[in-house]
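Q: For reference, the structure I am asking about is given below.
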Amino acid sequence: MKKALLALADGTVFEGRALGYEGETVGEVVFNTAMSGYQEVLTDPSYKGQIVTMTCPHIGNYGTTSEDAESRRIWAEGFIVKEASRLASNWRSRQQLQEYLHGAQIVGIEGLDTRALTRHLREHGSQQGLITHIDGDPSRAVAKAQAAPSIIGRDLAAAVTCKETYRWTEGTGEWTPSLGERIGVGTTRRWHVVAYDFGVKANILRRLVDVGCDVTVVPASATSMEVEALKPDGIFLSNGPGDPEGVPYAIEAMRQLIGRHPIFGICLGHQILGLAMGLDTYKLKFGHHGANHPVMDLRTRKVEITSQNHNFAVKVASSITAIPDRPPVVETSFGQVLVTHLSLNDHSVEGLASVDHPVFSVQYHPEASPGPHDSAYLFSAFIQLMEKQHA
Amino acid sequence: MPRRTDIKSILLIGSGPIVIGQACEFDYSGTQACKALKEEGYRVILINSNPATIMTDPELADRTYVEPITVEVVEKVIERERPDALLPTMGGQTALNTTMALVKRGTLEKYGVALIGASAEAIHKAEDREAFKHAMQRIGLRVPTSGTAHTREEAIKILEQTGFPSIIRPSFTMGGTGGNIAYNREEFEKLIDWALAMSPVSQVLIEESLIGWKEYELEVMRDLKDNVVIVCPIENLDPMGVHTGDSITVAPAMTLSDKEYQRMRDAAVRIMREIGVDTGGSNVQFGLDPKNGDMVVIEMNPRVSRSSALASKATGFPIAKIAAKLAVGYTLDEITNDITGVTKASFEPTIDYVVVKIPRFAFQKFRGADPTLTTQMKSVGEAMAIGRTFKESLQKAIRSLELNMNGLSSREGLDRGIPEGYDRLSALDRIRQHLRTPIAERLWHVADGIRMGLSNDDLFALTKIDPWFLEQIRELMDFEALLVRQETKKPALLEESLLWQAKEQGFSDDRIAELIGSTAASVRAQRTGAGQGKRRVTYKRVDTCAAEFEAHTPYLYSTYESECESRPTDKKKVIILGGGPNRIGQGIEFDYCCVHAAMALREEGIESIMVNCNPETVSTDYDISDRLYFEPLTEEDVLNIVEREQPLGVVLQFGGQTPLKLALPLSKAGVRILGTSPEAIDRAEDRERFRDLLNKLGLRQAESGMARSVDEALQIAGQITYPVMVRPSYVLGGRSMQIVYDESGLLEYMGSAVKASPKHPVLIDKYLSDAIEVDADAISDGTNVVVAGIMEHIEEAGVHSGDSACSLPPYSLDRSVVEEIRRQMKALALELGVIGLMNAQFAVKDSMIYVLEVNPRGSRTVPFVSKAIGVPLAKLAMKTMVGKSLPELGLSEAPEPTHLSVKESVFPFNKFPGVDVLLGPEMKSTGEVMGIDQDFGWAFAKSQAGAGAPLPKGGTAFISVKDSDRPAVLEVVQRLQQLGFTVQATSGTAEYLNSHGVETETVNKVREGRPHIVDHIKNGRVALVVNTVRTASSHADSLSIRREALNKGLAYYTTIRGARAAVMGIEAILKKELTIRSLQEYHHHP
């Protein structure tokens, strides 16, 4: 058993055992509280620049399979778990977790008090950290953690986006959500959707296909002209890593596109829309990463249990301290915007909808994967928006 | 939505006595519901026949009816109290069935009572097997192929489609009673007959077998706005085919990928909506084919359940409390999460530890019971453990069971490796055999299989236990082997890193010691001694959210990691040790006492710290005590907590035998024991010292002796004369206790049942035949003693006190005898220096009083006595232990109630086909009910109705008694005849009765040809059975009579005193209408 260290920029050091590829890695250390879906987490491009801690103590139990990958590779910079299973037990598994990490050259650490680490991050905020298998000196490890680049202001989307425009045709198949009455598409035709890839999760694209979209994925840097040339029925803005202010070109493109096409944004896409409309974003102390986050739709008063993974959030002028009776209205450079969804945990903004334009967005992940399917209806809502626009 | 204002009062139905399949989890849920509804300002009316519950404490509801839970009685309560609403989902199957019966009868409509929580339609859809099947098909979910049959022929036709093995499930029975698995045609026909007999509507579901599929449970909550959350996914380690109550279960689910889990979650949500459970918690069970992930829905319970209690304890999410609030109109987002204080109940808990629940069984108590685990629940209790990993949690759960196993100890003597000359082949055969059939000890056989070199594939083929779990056990075995190898290197001391690795994996000190050839004390010394750096046991909090938010409730579990979150206060504090898993002889009564102790400490301004590991209980609710440690009740685990908390002292008297066993080791370790001293406990428990004590006080004891050989036994028995009571000295709870009538009986006992040896002597007591047994409870502050209750047993001495019915006050004893018992109780308590509670048992024969035993602790009868006299004994006892005197507490003497209270015991015989229902010195009951009324007859009648066998008002009484009982039964029969009963008897008894002027019809014994008595009972021609036999074995042929009476739910009596009481009861119910009164009225509460 090889020893490993996790050092945080504030000087805290945890000792554990080496996991995955032998080496050293840096990134912002965050924790995720989902109890299943570790492979989806690892392959979610939004984790670019971050080292992920899973709070669930047993990870790797059911192995890995290419079907559960949310993108072409693992993006997390490192992986922290209490105990990685040495045996994968599930009919779907093709590869055991350690081998998977090793094959992807992911440096990890296990056997440390992940609850203590989580509490530390909760109290002191997520911060830069280092996992090392090769340097046993704690003070040097801390120095390396401190020297690691911050994610604030960085354009991480550029690192994870696709290089070329491509078509996506695969749906969720046998894993399609089936919660009954809240999902369902009344559409009679297929819709051409251009999806901005800031680090898009495959399940978003699959869900778009499920509800009747022909999807063309474009790189994060695609200009409004390039998008227009594709003659979209609607535009989708994907999730992605890091700070929305790190992608000014996308914000600019949105300013051109708002009002001209129905637009739906998720996560980073939601933040980019917020910035494009003149709202601000800010960094959360330790972000929202998990599959149990309650969000209220202020229009229906219903609560969705959502999958979340973000470090930044959209700020509205007067901060919201309680759940209001109706969706607050915010004045923006693109007219009035409704705050449609709020987090029940911390009252942060979870969804926006423009009153004057066919634009809406959510901070959380209606495509789930991992996580509950409560918000699957939002994909249908996007179809409805396109239907209305093209009626 | 705020709470409903159109309703002001709510009726709650409890679950009645503790039985297999319905235990104290419903006190936990009922108590939470009562508190939540009262908090909201509703008038709460409660009915529950079980006095040992916290929910029936008069402070918890506005009106508390300790009355039988029958349709007639509940209707009477409704008529009297006129509640606006009825909440049927808190009292298990009992409450649901009673509610459905009230709906059918039109009672709810008649009195305008609204059903809240679940509608009648929803209950029907979930409970009726056919309706449920159709509902599932409607929403596109698969259920196992099945059909319902009303006859054997129909069943066989269905079998052609479903095939073998065949799952048999009778309709409308609880805990899978009558359920079974048939592997061949012959077995099928036999089991179908039994299942049809067990079903009150003679309806049986025959189902395709999914044996070997993985089994999961989801606890689901829904509110009126259709918000749905899953509280917790639970995975059964034992695959399908074993009732989930008998399975080892694990939370969270361990082997489900997110895709599979979300599919299951979607299905659970859709089921909630389709069944139409308006609000509250439900439990949905799924089966999953490990080969391809195919999923079927097994069943759903539209109410809180044993699993929801487990899920509540496993996550910190109080399902019952929240379900109660949802039922009155709140939505999940309006309810605050108590633990974080900032977030809402509208979320899904996420946990950063592993919870393991292990069932506890009692097969040894039921000779002839089939120990195979099937679809019918057979366990009597359970322990839960929390650890950071599965391995740690599993090992903690094992030692929480208190089965003298401190880990995965080998059943084959392989703990320290495979001994020389060991017959490997026959051992492997044996192990394989054990693994093929699910039994209680299968987990340990898996460990032995691994020790013997079986691969995961081998083990999976035999057990269908998911390889992930097998691998975890293998890792533990690998580590054990590593520890065994250490011994030769470095005796008695372990390398430090190995020690901590062992502790992280949940190894107890004594298991480590066993493996390395050391002692627990020296492992402990090494672990806690100087030079161990900063490493110590650590405590983590259960917080519903994996540390994402701060936890404000100190609900703690131990583990070995870097950070400790216990944060002990420096207030005055006391540790209360709970009772651990329920078992026969130690159940809810002790939890009741522990909860009262915590409440008393709160009233005294002292911090209470609860230690317990039973997830069904009220005591393990995080808001009962100031701090809760969900931990095994072993010396090691308790000492760790004591060291961390530094309390004023530890209370042992309330948790039954479990904490009492720790008295000596704890006091040796310098821990202060509050209340009665360990020295006094020893004086009462040690046989020789106890005899000296009685001699000193001039009290009488039945003659007795201790035999270390067969010869010695014969000599002693000859001296004190037969009949004698024999028992091994080293077992508790009446295990292997027997009454022996002659020398041959004694020889048989000494030869087969028990081997006497110098180390394990056999105790021989004079058996006082036909003596009246008396139970008494007293409370003392050291100088003042109050005898709170003296209870006359209805069955004669020789029937275990826990199995006997009893009456408070005594219904036939002379006043002078009662006074003398009171005097003796006081003398005993003062001599022993009791501070707190004391219980003693006496036998009265020919006005002579014999002391049978003295227990210087809270007893099983404390809650019953407390409810009978209206004094919270356990609470007061706790206060005496922290220095209050009885006069200070306002208790100078016990109130003498004008009403009568009868306690009746409830037995699990219907779960064990073929087992005899005769009562004896070995305790067999799982629970109790209480009947209260102005006279003994009615109180007794209520107790019988509450226990599920109401007294008949007329019909045929069948009498068959042993020769010596004939004179005594004559009077019983005469009175029955005067009351209008016709009398039947088998030839001998009939002859005797006819010759004494009682007209008696003679019926055939079973071996005398048909129609015989069992046919008559089957055909519903018998209303009452009185059947006494000398010993169980000598009258095996009358067994079928008793079994059939049980199957039919008849009132049956196996003692003359029981039959007499029944006659008094029948007289009462014929003479006077049923009347009911609440506890508040009995005890003049507001």
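Q: Taking the options B:424, B:442, B:474, name whichever one is of a type in the set (Lys, Arg), within 25 Å of residue B:360 (Cα to Cα) and free of Cβ contacts under 8 Å to residues at least 60 places away in the same chain.
A: B:474
Q: For residue B:814, which of the numbered conditions (1) touching a strand residue (DSSP E or B) at 6+ places or on another chain (Cβ under 8 Å); (2) surrounded by fewer than 18 Cβ atoms within 10 Å (Cβ to Cβ) fails to hold?
A: So residue B:814 meets the others, but not (1).
Q: Got a sec? Which of B:773, B:748, B:820 is surrounded by fewer than 23 Cβ atoms within 10 Å (Cβ to Cβ), of a type in the set (Asp, Glu) and modelled with pLDDT of 95 or more? Give the derivation first.
A: Working: B:773 fails: surrounded by fewer than 23 Cβ atoms within 10 Å (Cβ to Cβ); B:748 fails: modelled with pLDDT of 95 or more.
One residue alone meets the criteria, B:820.
Q: OK, next. Which one is nearest to the other protein chains (Cβ to nearest Cβ), of the residues in the range B:246-266 that are free of Cβ contacts under 8 Å to residues at least 40 places away in the same chain and in a helix (DSSP H, G or I)?
A: Here the residue is B:258.
Q: Count, please, the residues in the range A:229-251 that happen to be free of Cβ contacts under 8 Å to residues at least 12 places away in the same chain and either in contact with a helix residue (DSSP H, G or I) (Cβ under 9 Å, 6 or more places away or on another chain) or on the phi > 0 side of the Ramachandran plot (or both).
A: The number of residues fulfilling the criteria is 1.
Q: Let me spell it out: the conditions are (1) surrounded by fewer than 23 Cβ atoms within 10 Å (Cβ to Cβ); (2) over 30 Å from residue B:157 (Cα atoms), and residue B:208 meets all of them except one. Which number is the exception?
A: It fails just one condition, (2).
Q: All but one of (1) away from chain B (no Cβ under 14 Å); (2) in contact with an Asp or Glu (Cβ under 8 Å, 6 or more places away or on another chain); (3) among the hydrophobic types (A, V, I, L, M, F, W, C); (4) crowded, with 24+ Cβ neighbours inside 10 Å hold for residue A:342, so report the exception by its number.
A: Unmet condition: (1).
Q: I'd like to check something: does the range B:1028-1047 contain any residue that is aliphatic (A, V, I, L, M) and not in a helix (DSSP H, G or I)?
A: Yes, because at least one residue in the range B:1028-1047 is aliphatic (A, V, I, L, M) and not in a helix (DSSP H, G or I).
Q: Tell me, which residue of the range B:325-339 that is in contact (Cβ under 8 Å) with a residue 24 or more places away in the chain and of a type in the set (S, T, N, Q) is farthest from the other protein chains (Cβ to nearest Cβ)?
A: This residue is B:337.
Q: Still on this structure, I have one more. Please give the number of the condition residue A:348 fails out of (1) closer than 17 Å to residue A:266 by Cα; (2) at pLDDT below 95; (3) of a type outside the set (Lys, Arg).
A: (2)
Q: Something else about it: Could you list, in sequence order, all residues of the range B:45-89 that are of a type in the set (Ser, Thr, Tyr) and out of contact with any Pro (no Cβ under 6 Å at 6 or more places or on another chain)?
A: Passing the criteria: B:53, B:56, B:65, B:70, B:89.
Q: Further question: Restricting to the range A:74-91, what's the tally of residues that are without any contact (Cβ under 8 Å) to a residue 40 or more places away in the chain, part of a loop (DSSP other than H, G, I, E, B) and not β-branched (Val, Ile, Thr)?
A: Start the filter on the range A:74-91 by keeping residues that are without any contact (Cβ under 8 Å) to a residue 40 or more places away in the chain, which leaves A:74, A:82-83, A:85-91.
Among the residues that remain, those that are also part of a loop (DSSP other than H, G, I, E, B) are: A:74, A:82, A:85-91.
Of the ones still in play, those that are also not β-branched (Val, Ile, Thr) are A:82, A:85-91.
Residues in the range A:74-91 being without any contact (Cβ under 8 Å) to a residue 40 or more places away in the chain, part of a loop (DSSP other than H, G, I, E, B) and not β-branched (Val, Ile, Thr): 8 in total.
Q: Identify, please: which residue in the range A:12-36 is more than 19 Å from residue A:122 (Cα to Cα) and in contact with a Phe, Trp or Tyr (Cβ under 8 Å, 6 or more places away or on another chain) and is, among those, nearest to the other protein chains (Cβ to nearest Cβ)?
A: A:36
Okay, residues lined up against (1) assigned by TED's automatic domain parsing to the domain that holds residue A:20; (2) surrounded by 15 or more Cβ atoms within 10 Å (Cβ to Cβ):
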{"site": "A:128", "(1), (2)": "yes, yes"}
{"site": "A:133", "(1), (2)": "yes, yes"}
{"site": "A:139", "(1), (2)": "yes, no"}
{"site": "A:178", "(1), (2)": "no, yes"}
{"site": "A:199", "(1), (2)": "no, yes"}
{"site": "A:204", "(1), (2)": "no, yes"}
{"site": "A:222", "(1), (2)": "no, yes"}
{"site": "A:225", "(1), (2)": "no, no"}
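Q: A follow-up question, please. Being touching a helix residue (DSSP H, G or I) at 6+ places or on another chain (Cβ under 6 Å) and without any contact (Cβ under 8 Å) to a residue 60 or more places away in the chain is the filter; apply it to the range A:297-315 and report the residue that is nearest to the other protein chains (Cβ to nearest Cβ).
A: A:303
Q: Being touching a residue at least 24 places away in the same chain (Cβ under 8 Å), more than 14 Å from chain B (Cβ to nearest Cβ) and closer than 29 Å to residue B:261 by Cα is the requirement here; does residue A:155 meet it? Can you show your working first?
A: Working: touching a residue at least 24 places away in the same chain (Cβ under 8 Å): yes; more than 14 Å from chain B (Cβ to nearest Cβ): yes; closer than 29 Å to residue B:261 by Cα: no.
Judged against the criteria, residue A:155 is not a match.
Q: OK, next. Any residue at all in the range B:238-245 that is polar (S, T, N, Q), away from chain A (no Cβ under 14 Å), part of a strand (DSSP E or B) and in contact with a helix residue (DSSP H, G or I) (Cβ under 8 Å, 6 or more places away or on another chain)?
A: Scanning the range B:238-245 turns up no residue that is polar (S, T, N, Q), away from chain A (no Cβ under 14 Å), part of a strand (DSSP E or B) and in contact with a helix residue (DSSP H, G or I) (Cβ under 8 Å, 6 or more places away or on another chain).
Q: Right, something else. Name the pairs whose Cβ atoms lie under 6 Å apart, with the first residue in the range B:657-675 and of a type in the set (Ser, Thr, Tyr), the second part of a helix (DSSP H, G or I), and 6 or more positions between them or separate chains?
A: What qualifies is B:667/B:678.
Q: Based on what the data block shows, is residue A:314 at pLDDT 95 or above, under 22 Å from the mean Cα position of the chain (by Cα) and either surrounded by 17 or more Cβ atoms within 10 Å (Cβ to Cβ) or among the hydrophobic types (A, V, I, L, M, F, W, C) (or both)?
A: Taking the combined requirement at face value, the residue satisfies it.
Q: Please pick out the residue among B:220, B:269 that is facing chain A (nearest Cβ under 9 Å) and closer than 22 Å to residue B:317 by Cα. Please lay out each step first, then the result.
A: On the way: B:220 fails: facing chain A (nearest Cβ under 9 Å).
When all the criteria are applied, what remains is B:269.
Q: Let me ask something else about it. Could you tell me whether residue A:331 is acidic (Asp, Glu) and either touching a residue at least 40 places away in the same chain (Cβ under 8 Å) or outside any strand (DSSP E or B) (or both)?
A: Judged against the criteria, residue A:331 is not a match.
Q: Another question, if that's okay. Hey, could you check the range B:401-428 for residues that are in contact with a Ser or Thr (Cβ under 7 Å, 6 or more places away or on another chain) and among the charged types (D, E, K, R) and say which is farthest from residue A:57 (Cα to Cα)?
A: Among them, the one singled out is B:415.
Q: If you check B:209, B:199, B:257, which single one turns out to be over 23 Å from residue B:134 (Cβ atoms) and of a type in the set (S, T, N, Q)?
A: Working: B:209 fails: over 23 Å from residue B:134 (Cβ atoms); B:199 fails: over 23 Å from residue B:134 (Cβ atoms).
Result: B:257 is the single residue among B:209, B:199, B:257 that is over 23 Å from residue B:134 (Cβ atoms) and of a type in the set (S, T, N, Q).
Q: Take residue B:393 and tell me if it is buried (at least 23 other Cβ atoms within 10 Å of the Cβ) and either within 14 Å of another protein chain (Cβ to nearest Cβ) or closer than 19 Å to residue B:503 by Cα (or both). Steps first, please.
A: On the way: buried (at least 23 other Cβ atoms within 10 Å of the Cβ): yes; either within 14 Å of another protein chain (Cβ to nearest Cβ) or closer than 19 Å to residue B:503 by Cα (or both): yes.
It is true that residue B:393 is buried (at least 23 other Cβ atoms within 10 Å of the Cβ) and either within 14 Å of another protein chain (Cβ to nearest Cβ) or closer than 19 Å to residue B:503 by Cα (or both).
Q: Could you list all residues from the range B:857-887 that are in a loop (DSSP other than H, G, I, E, B), among the basic types (Lys, Arg) and surrounded by fewer than 24 Cβ atoms within 10 Å (Cβ to Cβ)?
A: Within the range B:857-887, just B:884 meets the criteria.
Q: Here are B:386, B:339, B:398, B:358: which of them is under 30 Å from residue A:56 (Cβ atoms), under 30 Å from the mean Cα position of the chain (by Cα), part of a helix (DSSP H, G or I) and among the β-branched types (Val, Ile, Thr)?
A: B:398
The values are calculated or read from the model by the stated rules, or taken from the named source; none is laboratory data. It should be emphasised that the depicted structure is a prediction, and the values quoted were computed from it without experimental measurement. Every residue, glycine as well, gets a Cβ built from its backbone with ideal geometry; the counts of neighbours run over all protein chains shown.
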